[in-house]
Amino acid sequence: MQPAVELILFDAVGTLIFPDPPVAVTYQRIGQQFVCETSAEELSNRFREAFRTSYDPHNPGQPLRTSEAWELSRWQAIVESVFFDAPVSAREVIFPALWQHFAEPQHWRLFDDVQPTIEGLLERDYRLGIASNFDQRLLSICRGHEGLAALDPIFISSQVGWSKPSPQFYRQIETITGLAPEQIMFVGDDWENDVNAPRNLGWQTRWLIRRETVPGVDQVGKLTDLLTELSEVRRGGVSGQTDPS
């Protein structure tokens, strides 16, 4: 029998929220303002590759240290890689335009299963939060969506100082909350970041796979499945600090 869950943490992008319009469409629209005619499909391919290789390329396999300054430079490098064939003068204005665009709540949408799940779990007295590889822009995004207002604490990698799936990311959260690993449940759509890495440290995990079923893993096909699993009302709260900074 698993210990009682004291805190449920959700991944952000791909689990709770998604960019609207999609990343490639936004990159193309903003790029076109500055004389970049690359197709959205090509920009999408370039973005996926640049993002995949963007985490600490100088120290592969090493702990993923991060900060606000590092995330800013990382995203600048991603944008420059995507628009490598645009003039330097264009890249210098494309990056701040994109950075600001993705800081604005209206450019992010909640998945349909988010609101009912949050409301249902709060009715059962669960404490809910977010743990994400992101930077401080996530705070303004969450503040701009009423449906996310009840999620506290919010752990952001740039403030924690480590990125998922570094063990230090999850250990920092344990220290800040004062909770044992088995008292925390992590729910997210990324196998390594949200399931495998925290599970190996003793956390309870649920892999969110909205489009398919994978045998032999603890998964949910939609977030509202958690309401069936966690059907009992909890009594009492959890202790510990909530400020991840």
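The values are calculated or read from the model by the stated rules, or taken from the named source; none is laboratory data. No experiment lies behind these values; they were computed from the predicted model shown. Here the Cβ is made from the backbone with ideal geometry for all residues, glycine too, and neighbour counts use every protein chain on show.
Do we find that GLY202 is part of a strand (DSSP E or B), surrounded by fewer than 22 Cβ atoms within 10 Å (Cβ to Cβ) and modelled with pLDDT of 95 or more in this structure? Answer is no for this residue. Could you say whether any residue in the range 166-187 is surrounded by fewer than 23 Cβ atoms within 10 Å (Cβ to Cβ), among the charged types (D, E, K, R) and not in a helix (DSSP H, G or I)? The answer is no, given that none of the residues of the range 166-187 is surrounded by fewer than 23 Cβ atoms within 10 Å (Cβ to Cβ), among the charged types (D, E, K, R) and not in a helix (DSSP H, G or I).
Quick check on PHE155: is it touching a Pro at 6+ places or on another chain (Cβ under 7 Å) and not polar (S, T, N, Q)? Yes; evaluated as a whole, the condition is true for this residue.
If you check LEU128, LEU121, which single one turns out to be under 22 Å from ARG199 (Cα atoms), over 12 Å from the mean Cα position of the chain (by Cα), at pLDDT 95 or above and assigned to a strand (DSSP E or B)? Being under 22 Å from ARG199 (Cα atoms), over 12 Å from the mean Cα position of the chain (by Cα), at pLDDT 95 or above and assigned to a strand (DSSP E or B) holds for just one of LEU128, LEU121, which is LEU128.
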